[in-house]
1. Take the Cβ-Cβ distance between Ser171 and Ser13 as r, set R0 to 45 Å, and report the resulting FRET efficiency rounded to the nearest 0.05.
2. Under a plain spin-label model, where a point goes 7 Å from the Cα along Cα-to-Cβ, how far apart in nm are Lys303 and Asn155?
3. Which of the listed residues, Ala401, Thr16, Leu278, is farthest toward the dipole's positive end in the chain, when Lys, Arg count +1 and Asp, Glu count -1 at the beta-carbon?
4. Along region 304-310, what does the Karplus equation 6.51 cos²θ - 1.76 cosθ + 1.60 (θ = phi - 60°) give for ³J(HN,Hα), rounded to whole Hz, x for Gly and Pro?
5. Calculate the spin-label point distance for Ser91 paired with Lys389, positioning each point 7 Å from the Cα along the beta-carbon direction, and give it in nanometres.
6. Using a 1.4 Å probe and counting only protein heavy atoms, arrange His328, His279 so the residue with the most accessible area comes first.
7. Just how much of Ser236 is accessible, in Å², when a 1.4 Å probe is used and the result is rounded to the nearest 10?
8. Looking only at the chain, where both bridge partners belong to it, what percent of the DSSP beta bridges are antiparallel (to the nearest 5)?
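The values are calculated or read from the model by the stated rules, or taken from the named source; none is laboratory data. Please read these numbers as outputs of a predicted model, since none were measured by experiment. A quick note on method: Cβ atoms are made from the backbone with ideal geometry, for glycine too, and the neighbour counts reach across all protein chains shown. The area values use the complete protein model at the heavy-atom level, side chains included, leaving out ligands, DNA and RNA. Shrake-Rupley method; radii C 1.70, N 1.55, O 1.52, S 1.80 Å.
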Amino acid sequence: MGNMLRDLSGKFSAATRALRPSEVREILALTENRKVLSLAGGLPGPEVFPKEDLARIASRVVEELGDSALQYSPTLGVMPFREAVADFVRSKGVKVLSDDRVAVTTGSQEAIYLLAMTLINPKDAIIVESPTYLAALNVFRYYGAEFVSVPLDENGMKTELLEDKIKEAKSKGLNVKLVYTVATCHNPTGVIMPDDRRKELLEVASKYDLLVIEDDPYSFFVFDEVPFTPLKTIDSEGRVIYLGTFSKILAPGLRLGYMVADRQITRMVELAKQMVDLHSSTLSQYIALYALKEGVVERTIQKARVVYREKRDIMVESLEKYMPEGSHWFKPRGGLFAFIYLPDGVDTSDMLPMAIERGVAYVPGRSFFSDGSGVNAMRINFSYLPPDKLREGIRLIAETAKDYMKSKGK
Ligand SMILES: *Cc1c(COP(=O)(O)O)cnc(C)c1O
């Protein structure tokens, strides 16, 4: 056995050696076999899944369409599904331009990955909200991107800062290439960008010739009457790449997302996707196609909006009741998350083991910033747990925070 390899670390590529585990996934692993109330994940509430409908549809798809549904299929998706997705996004007010094409992806996560693969050179700069979706940050980072962080407030990205930020990045020799934004029901804060900022964002994008990735998993779950127009709809220059997903409106286990973008982009995405996974699950695409046609998706959206809104309200009420003085948060207008700032001096990464010990988990805020800020912040999810557990989870976080502050003499 003398030749046994003991340490393979020297074998991995430099880019892969730089990979860091996603903090969320690590936490989920940690909480898996314990009685921990997890407010950490981004899981839809299981009570929302249309299980009976999907069982019926899945069996019908295999029995009646098995020869196609179980077969390999085109890289950008099966045509009837791509058409149904185009109709679906149009019905939600998303403008599809004549040069646009739909690309079906294995969740939005793959769409983000394929866009990074096809668009990013090392040292290209990406404009992001600060904080932003951590799974996108990780992908862009892997491809060597630099970040231009633009702070946000209760109306999303502060677009009035954009131009100065771009000029500053350019003066450092960076090639500012695109904006990545979750403009509607932002992850992690739940805020919605109003149209005046959206227009300003697109004007700046036009002036500096930037592409814009509009990542939109949540516009179906707006709880308060906040008017907004998709960036894709305001844009007339074909620079917005619109991403959607069936993860939050049907089931994440299907792994189905979609991109609506100029065909020059979907063409490159097609070439990249051929290398990555040939195509997304044919079976999932047919299941989602029938779920769309039979109104199952629409019914799931309606149900989820009611359920999540109620949970949002319970969460806000519990935050107000339990959180230590000096905490603040954005009231989420939609989506599945809230972002909480605890009083200065609290380090939420440092506090996490105490919280898990007490029986509750959250995601420390730092992961959502490209620059290490957010030390005293945390993201909590309100869609997954039933109401009483949600209330209890927030109470436990608040107690942990108070103990933590006491132990630090605050
Ligand atoms: C949940 C989520 C997604 C969806 O990921 P999938 O790969 O489609 O499951 C994409 N972007 C954001 C901001 C999300 O919160």
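1. Values: r = 32 Å, r/R0 = 0.72.
After rounding, the FRET efficiency stands at 0.90.
2. Here the modelled spin labels are 3.8 nm apart.
3. So the residue we want is Thr16.
4. For region 304-310, the Karplus-derived couplings read 4, 4, 5, 4, 6, 5, 4 Hz, x marking Gly and Pro.
5. So the label points at Lys389 and Ser91 sit 3.2 nm apart.
6. So the residues, ranked largest to smallest area, are His328, His279.
7. Accessible area, nearest 10 Å²: 90 Å².
8. Details: 22 of 43 bridges.
Antiparallel bridges make up about 50 percent of those DSSP assigns within the chain.
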